[in-house]
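Below is one structure, written out as structure tokens; comments come after it.
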Amino acid sequence: METGPDSAPCLLEVRGISKSFGAVRALQDVDFTLRAGEIHALLGENGAGKSTLIKVVTGIFPRDAGIVRLGGVEVAPRSSKAALEAGIATVYQEVNLLPNLSVAQNLFLDRQPMRFGIVREGEMRRRANALLAGFGLDIDVAAPLGSYSVAIQHVTAIARAVDLSARVLILDEPTASLDRHEVEILFKIMRQLAGRGIGIVFVSHFLDQVYEISDRITVLRNGRLVGERETASLPRLELIRMMLGRELAETTSARASAGEHQARGVCASFKGYGKAGYVAPFDLELRHGEVVGLAGLLGSGRTETARLVFGAERSDQGQAKVEGAPARLQTPRDGVRHGFGYCPEERKTEGIVAELTVRENIVLALQAKRGLHRPLSRREQDEIAARYVKMLDIRPPDPERPVGLLSGGNQQKVLLARWLATSPRLLVLDEPTRGIDVGAHAEIIRLIRELCDDGLALLVISSELDEIVTYSDRVVVLRDRAHVEELQGEAIDVSNILAAIAADGSTIAQEGRP
Amino acid sequence: MKGLPPVLITAIVLVAGFVLCALQFPNIASTRVVCNLLTDNAFLGIVATGMTFVIISGGIDLSVGSVIGFTTVFVALAIERWGMPPLVAFVAILALSAAFGAAMGAVIHLFDLPPFIVTLAGMFLARGASFLLSTESVPITAPIYSTVSDFALRLPGGGRLTAVAIIMLVIVIGGALLLQLTRFGANVYALGGSRITASLMGVAVGKMTIRIYMLSSLLAGIAGIVFSFYTGAGYSLSAVGVELDTIAAVVIGGTLLTGGQGSVVGTFLGVLIQGLIQTYINFDGTLSSWWTKIATGVLLFAFIALQQVMIAIARRPAVRPAGATP
């Protein structure tokens, strides 16, 4: 780039935007400035107002106050279609394209090349190929989009947005479901586009990526603007302070010494436990008051182990014991009966019931455990909900709010509360911090430690090695659907885990997803 | 391109069924029987074409049977009692039914209601209105009716391709082209993929919803006129339950009931399969005609099960670790 972003003309100006949902003020007097050719990270904790800001700018939500200027001209799109026409395109985390249509149809939906009212299929495919070639993609554009990887779907979405003569491209968590290599490709494309003078808004909670790609950072907190800084001159600690509005709680020194835990009893143990073609047989001991971390690449068998332990998947070999007695764990019901809880990774599809309220979601598992003939009275429900809303600091603290309206981190807390309400002896957490911002991260980590100190046994899966190191008493490392190493005490650090994962060098290169 | 395999399966079932029937009753393999089959099912083919659009877009239209019934009564009364020229009556009823469909589409979109409920209401409304007009069967004696009934293209082998069959074929072909080749058609698939995403991608979802239900009701109106040609009368109880036969034909034709995939050609084959079963039962002579329903039911189950299997196969990740089993 020969012209720095500073000298670049102001492309998108957002001034004094406010937006309330009922009594909740989601945005208050927020300013945001995007210059041509810059990549501008928009950061903030869950519920800071990033999504609301994007939706207000792109016309999905009407705004209560403020103005938006694009290239100096005031715009007020009333729909995402109008925003697109004005030149503001958004690519969301969940790819907003249609998997059942062909790639070409997705690229040119509603603007296909026509002749006499008929779509020129050949011409459309040729243009689609040409367009994708500009992004380094050479694929069969006649095949359904759904048959391609998420990365290709993302690139297709971006290609479509850019081809719609977008001057402003908003990427909302575009890297959340991409692996390292795919992120590289995406970043290359983002730099190319910025070089062409397109202004890019990059929403992400991966701070490494923010530092790698962005020129400038705007931070929101609780619906207000905290500040706008140049990335190069903003130390990471300062950034986190801006996002959290407080010093990040000290989390690293929380690990208890190994000796303390030896005294505690074994909660559940597995011998030669496994399932052919799913996870190779493993031995695993889970003790009260202890956190066992499962580390490994995506698809290494972490989630599979968790599902076997909980009973969500049937094992076909080995033995399980709970509190020393042989146990049958072949269905989730078995798991629940033995006092196990499981927070799956896909909380939207496997966990929360979005339409039900926070209270109803929290009492769900407890009610199921008690059976339908012993209903919890409304007062009991209110008490339980109030207790966990307070204990886990669920925000907004309204037990009657549908869970679907909460931010990701708070949904995760509701899910956690649901299992805690059943007073489990073992809790399995699959990626408890995925899709959650730094603040909620630290809080969830703090919670994990606290729960553990209360005598709960925890099995936690995470891709964030720093995080696993922080809270685990033992770390089981998986590779190629087998348990390959168990680290304890002093041996637990990121480099040891990496070494165990990488022991067979060939596997690390192909970071495949299931 | 979309949903080709299910269409192929439907085609194979049709051909196999036809061959089996023809082996038992060689007369079935004649243009006469095939043409009769087309004539008998002309109204079903027309209304099923419209239903295909609705179902691919992720909706359902339960009102079509009632709209057919209303149309026959309206046309009969308009011509016989109110003295309207038949063509004027046709234009009037088509405008009326199109408006009816547009209204249902608008309600579905504006109030974000499930199509099932809205068109169920439409079903009662249209059926009730036809009873309001007349509770008894009204014969139509206008000359155009006998002219149309007598008209037919003679085919070798004694077949008579009647006017109503021709209308149906034209509509099926037109519908297939509309769905596969136009922007409207692509948007129908888009809506079935996801309404929200389609809207985010700039598809005018409201306008599309209104047009799709308008198309369905308009075709139901045409089917009603064709039905009145076929029976020569208007009766408020005609075409009761046809919406369900229609949905069955669409699903047997390989269209996904959840939307997003399907084809008009498949639907047409689905109609022919139902017609073939009816023809077989007629030829056999000893079977009750209710066996048509039983056979249709069995086929429907088979196709829904098949679709689920195909979806399951498509969803199964291809990452089963090769040779990871110890």
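The values are calculated or read from the model by the stated rules, or taken from the named source; none is laboratory data. Only a predicted model underlies this, so the values are computations on that prediction, with no experimental measurement involved. Note that we place each Cβ from the backbone using ideal geometry, even for glycine, and neighbour counts take in every protein chain shown.
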(Q) On the basis of being touching a Gly at 6+ places or on another chain (Cβ under 7 Å) and at pLDDT below 80, does A:Gly371 make the cut? (A) no
Q | Every residue from the range B:227-282 that is of a type in the set (Ser, Thr, Tyr), over 28 Å from B:Val148 (Cβ atoms) and out of contact with any Phe, Trp or Tyr (no Cβ under 8 Å at 6 or more places or on another chain) | A | B:Thr255, B:Thr258, B:Ser263
Q) Which condition number in (1) in contact (Cβ under 8 Å) with a residue 60 or more places away in the chain; (2) within 14 Å of chain A (Cβ to nearest Cβ); (3) surrounded by fewer than 20 Cβ atoms within 10 Å (Cβ to Cβ) is the one that B:Thr135 fails? A) (2)
Q. Among the residues of the range A:455-469, is any at pLDDT below 85 and either over 23 Å from the mean Cα position of the chain (by Cα) or outside the structural domain of A:Glu313 (by TED's automatic domain parsing) (or both)?
A. yes
Q. When the range B:17-39 is examined, which residues are found to be surrounded by fewer than 17 Cβ atoms within 10 Å (Cβ to Cβ), assigned to a helix (DSSP H, G or I) and among the small types (Gly, Ala, Ser)?
A. B:Ala22
Q | Some residue of the range B:110-117 being at negative phi, surrounded by fewer than 19 Cβ atoms within 10 Å (Cβ to Cβ) and in contact with a helix residue (DSSP H, G or I) (Cβ under 7 Å, 6 or more places away or on another chain) | A | yes
Q: Would you point out the residue of the range A:79-103, among those that are more than 10 Å from every other protein chain (Cβ to nearest Cβ) and not in a strand (DSSP E or B), that is farthest from the chain's Cα centre (by Cα)?
A: A:Ala86
Q.
So A:Val336 ticks every box in (1) outside any helix (DSSP H, G or I); (2) within 16 Å of A:Ser423 (Cα to Cα); (3) of a type in the set (A, V, I, L, M) but one. Which box is left unticked?
A. (1)
Q: Check off (1) surrounded by 24 or more Cβ atoms within 10 Å (Cβ to Cβ); (2) under 21 Å from B:Gly266 (Cα atoms) for B:Gly174 and give me the number that stays unchecked.
A: (1)
Q | Positions within the range A:456-505 being more than 25 Å from A:Phe206 (Cβ to Cβ), assigned to a strand (DSSP E or B) and within 14 Å of chain B (Cβ to nearest Cβ), in sequence order | A | A:Ala482, A:His483, A:Val484
Q: Check whether at least one residue in the range A:338-346 is outside the structural domain of A:Arg474 (by TED's automatic domain parsing) and acidic (Asp, Glu), and report yes or no.
A: yes
(Q) Given the criterion without any contact (Cβ under 8 Å) to a residue 24 or more places away in the chain and either out of contact with any Cys (no Cβ under 6 Å at 6 or more places or on another chain) or among the aliphatic types (A, V, I, L, M) (or both), identify the matching residue among A:Ile185, A:Ile118, A:Ile158, A:Ile170. (A) A:Ile118
Q: Being more than 23 Å from B:Val172 (Cβ to Cβ) and small (Gly, Ala, Ser) is the filter here, so list the residues in the range B:243-298 that pass it.
A: B:Gly285, B:Ser288, B:Ser289, B:Gly297
Q: Assess whether A:Glu290 counts as being acidic (Asp, Glu) and surrounded by fewer than 21 Cβ atoms within 10 Å (Cβ to Cβ).
A: no
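With A:Asp382, A:Asp430 as the choices, which residue is crowded, with 20+ Cβ neighbours inside 10 Å and over 21 Å from A:Gly223 (Cα atoms)?
A:Asp430 is the lone residue from the list that is crowded, with 20+ Cβ neighbours inside 10 Å and over 21 Å from A:Gly223 (Cα atoms).
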Q | Output for the range A:134-183, where each listed residue is of a type in the set (Ser, Thr, Tyr) and within 14 Å of another protein chain (Cβ to nearest Cβ) | A | A:Ser147, A:Tyr148, A:Ser149, A:Thr156, A:Ser165
Q) Can you name every residue in the range B:54-100 that is assigned to a loop (DSSP other than H, G, I, E, B), farther than 28 Å from B:Ala249 by Cβ and touching a residue at least 40 places away in the same chain (Cβ under 8 Å)? A) B:Arg81
Q | Within the range A:342-401, tally of residues that are within 21 Å of A:Arg307 (Cα to Cα) and hydrophobic (A, V, I, L, M, F, W, C) | A | 7
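In the range A:266-284, what residues are within 14 Å of chain B (Cβ to nearest Cβ) and in contact (Cβ under 8 Å) with a residue 24 or more places away in the chain?
Listed by number, the residues that qualify are A:Gly272, A:Tyr273, A:Gly274, A:Lys275, A:Ala276, A:Tyr278, A:Val279, A:Ala280, A:Pro281, A:Phe282.
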Q) Taking helices (runs of 4 or more DSSP H) that do not extend beyond the range A:116-213, which have at least 2 residues that are closer than 27 Å to A:Lys55 by Cβ? A) A:150-163, A:180-195, A:207-213
**Q.** Evaluation of A:Leu376 against (1) out of contact with any Phe, Trp or Tyr (no Cβ under 9 Å at 6 or more places or on another chain); (2) surrounded by 14 or more Cβ atoms within 10 Å (Cβ to Cβ); (3) not in a loop (DSSP other than H, G, I, E, B); (4) not polar (S, T, N, Q) (one fails), failing number
**A.** (3)
